[in-house]
Amino acid sequence: GGGRKKEIFDVGLSFTVSQQGVRVSDLEPGGPAAKLGFIEVGDLIIAIDDENVPSEGSRDAFVQSRLCGPRGTSVVLTLSKRGMQLRTHVQLRRTHLFGAAELRDRPPAPSSDTFPSSSSSSL
């Protein structure tokens with residue numbers, strides 16, 4: 001292989017970390033998590049690949065590092081849905097390019113030549 005940057009894939013979901021735990025905060029449309037049709041915003045992520053999410057410390061790093069991986073590999077999430085006692089295991093494939101959502105939402109940077117120079121003032 002050349003010097004090409006290794007692409008990282010995830011399952012197309014965003015999460016927030018709070019006292020209660022790690023909750024799904026957003027599903028990328030058309031991504032693996034959304035396509036599954038089972039994961040919803042507000043679901044608690046309890047474990048990833050049978051590794052329990054730690055109750056403190058850098059939980060976002062723990063979750064992010066385990067959601068990401070090589071394209072097409074699978075990951076098992078253990079979820080707890082609101083109002084339901086039982087935990088559910090869902091298997092997802094990492095087919096969503098990590099960082100694609102951030103790139104899509106970011107407004108294009110204004111190129112400097114589109115603005116008239118502030119120094120030229122017509123008197």
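The values are calculated or read from the model by the stated rules, or taken from the named source; none is laboratory data. As the structure is a computational prediction, the values presented were derived from the model and not from experiment. Neighbour counts are summed over all protein chains in view; Cβ atoms, including those assigned to glycine, are modelled from backbone coordinates with ideal geometry. Ligands, DNA and RNA are excluded from the accessible area calculation, which covers all protein heavy atoms including side chains. Shrake-Rupley method; radii C 1.70, N 1.55, O 1.52, S 1.80 Å.
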Worksheet item: Per the 1.4 Å probe, what fraction of the accessible area of region 1-71, in percent, lies on carbon and sulfur atoms?
Response: 47
Practice prompt. Answer rounded, prolate or oblate for region 1-72, using the Cα gyration tensor with square roots of eigenvalues a ≥ b ≥ c: rounded when a/c is under 1.5, else prolate when a/b is larger than b/c, else oblate.
Written response: oblate
Worksheet item: Quick one: Karplus J couplings for region 84-99, per residue in order, coefficients 6.51, -1.76, 1.60, θ = phi - 60°, nearest Hz, x for Gly and Pro?
Response: 10, 6, 6, 8, 10, 9, 10, 9, 10, 9, 7, 10, 9, 5, 5, x
Worksheet item: For region 30-45, in order, what is each residue's ³J(HN,Hα) by Karplus, 6.51 cos²θ - 1.76 cosθ + 1.60 with θ = phi - 60°, in whole Hz (x at glycine and Pro)?
Response: x, x, x, 5, 5, 5, 4, x, 10, 6, 10, 4, x, 5, 8, 8
Worksheet entry | FRET efficiency, 1/(1 + (r/R0)^6) with R0 30 Å, evaluated for LEU97 and ASN52 via beta carbons | 0.60
Discussion item. Quick query: amide H of ILE8 versus all other amide H atoms, modeled in the peptide plane; which residues come in under 5 Å with a sequence gap of 5 or more or a different chain?
Written reply: PHE98
